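Contents: one structure, followed by commentary.
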Amino acid sequence: MLKIKTSSEEETIKLGKKLGSKLNPGDIVCLQGDLGTGKTTFAKGICAGLGVTAPVTSPTYKMVNEYRGELKVIHLDLYRIHEEDELYDLGFEEYIYGDGVAIIEWPDKAGSLMPDNYLDIHFQGQGDDREVRFIPQANKYIGLVAELKQDVDFNN
Ligand code: ADP
Ligand code: MG
């Protein structure tokens with residue numbers, strides 16, 4: 001588990017960017033935390049790290065946005081999902097088990113369709129006192145989080 005404090009939107013974006021540059025095809029990143037804790041801000045950073053140049057906006061209403069960088073990026077926000085049926089209508093599984101990178105805000109709304117293997121990231125705090133925690137939920141993310149820790153320690 002890696003815990004990092006952030007004190008500005010820029011820091012959150014920079015951290016997301018570092019992670020984004022390390023992601024591989026098929027990776028799934030789950031962003032958890034209350035409204036306004038920085039999930040979408042972090043997703044912007046991930047997209048930047050993957051070379052997305054299009055503006056990244058919150059998918060809250062459409063539930064999914066798709067971007068193209070070095071990889072395809074699927075950005076889902078399940079906040080408005082209330083029943084599993086809605087996930088089938090959305091094509092949730094087709095989106096997340098693709099050959100790109102999937103970013104999921106409010107992943108717990110996926111219920112039984114929640115993936116088994118993913119990089120879990122928790123956001124908490126407000127103002128300039130925030131914390132981001134990285135919890136690898138699959139072996140393949142352990143090395144990635146270790147690399148991220150090194151990057152943050154050396155601030156490069
Ligand atoms: P969420 O997707 O979790 O609801 P957002 O990323 O959309 O949250 O919103 C976070 C808000 O908090 C943004 O308006 C952002 O500018 C602000 N903010 C202030 N400090 C930070 C920080 N350290 N990290 C992320 N967002 C921050
Ligand atoms: Mg959001």
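A short reminder: the numbers here are calculations on the coordinates, not readings from a lab. Note that the structure is predicted; figures quoted are calculated from it, not measured. Backbone-built Cβ (ideal geometry, glycine too); neighbour counts: all protein chains shown.
DSSP bridge analysis restricted to region 2-154 gives an antiparallel fraction near 60%, rounded to the nearest 5.
Under a Cβ-Cβ cut-off of 13 Å, what is the net charge of the residues other than D34 that fall near it, where Lys and Arg count +1 and Asp and Glu count -1? All intermediate terms of the calculation are to be shown ahead of the outcome.
Working: positive: K39, R130; negative: E105, D108, E131.
Cβ neighbours under 13 Å give a net charge of -1.
Calculated [222 nm] ellipticity per residue, helices only, for the chain: -9500 deg cm²/dmol; basis is -39500 (n - 2.57) per DSSP H run with n ≥ 4, divided by all residues, nearest 500. Each residue of region 102-109 was assigned a 3J(HN,Hα) from its phi angle through the Karplus expression (A = 6.51, B = -1.76, C = 1.60, θ = phi - 60°), giving 10, 10, 10, 8, 6, x, 5, 5 Hz with x at Gly and Pro.
Entry for region 1-88 at q = 0.23 Å⁻¹: log10 I(q)/I(0) = -1.24, Debye formula applied to identical alpha-carbon scatterers, no solvent contribution. Relative to the dominant Cα principal axis of the chain, helix 140-154 is inclined by about 30°. Positive contributions from Lys and Arg (+1) and negative ones from Asp and Glu (-1), summed over other residues with Cβ under 10 Å from the Cβ of V101, come out at -2.
Past 26 Å, Cα to Cα: identify those pairs from K62/K140; K3/K62; K44/K149; K3/K72; K44/K72, in the order given.
On the way: K62/K140 30 Å; K3/K62 31 Å; K44/K149 20 Å; K3/K72 28 Å; K44/K72 14 Å.
Violating the 26 Å limit, Cα to Cα: K62/K140; K3/K62; K3/K72.
Please compute the length gained on full extension between S112 and K14, using 0.36 nm multiplied by the number of residues separating them and subtracting their Cα-Cα distance.
Extending this stretch completely gives an extra 32.0 nm.
Working from label points 7 Å from Cα in the Cα-to-Cβ sense, the Q137 to L2 distance is 1.8 nm. Packing, taken as the mean count of other beta carbons within 10 Å per residue, orders the peptides 67-79, 26-38, 135-147 from highest to lowest as 67-79, 26-38, 135-147. With the convex hull drawn over the C-alpha atoms of region 37-93, the volume per residue is 81 Å³.
Can you give the translational diffusion coefficient of the chain in µm²/s, computed by Stokes-Einstein from the Kirkwood radius over Cα pairs at 10 °C and 1.306 mPa s? Intermediate results must be reported in sequence, preceding the final value.
Details: Rh = 15.4 Å.
After rounding, the answer is 103 µm²/s.
About its Cα centre, the chain has a charge dipole of approximately 600 debye under the convention of +1 per Lys or Arg Cβ and -1 per Asp or Glu Cβ, with nothing else charged. Can you give me the angle between helix 39-49 and the longest principal axis of the chain, using Cα atoms only, in degrees from 0 to 90, rounded to the nearest 10? The angle comes out at about 70 degrees.
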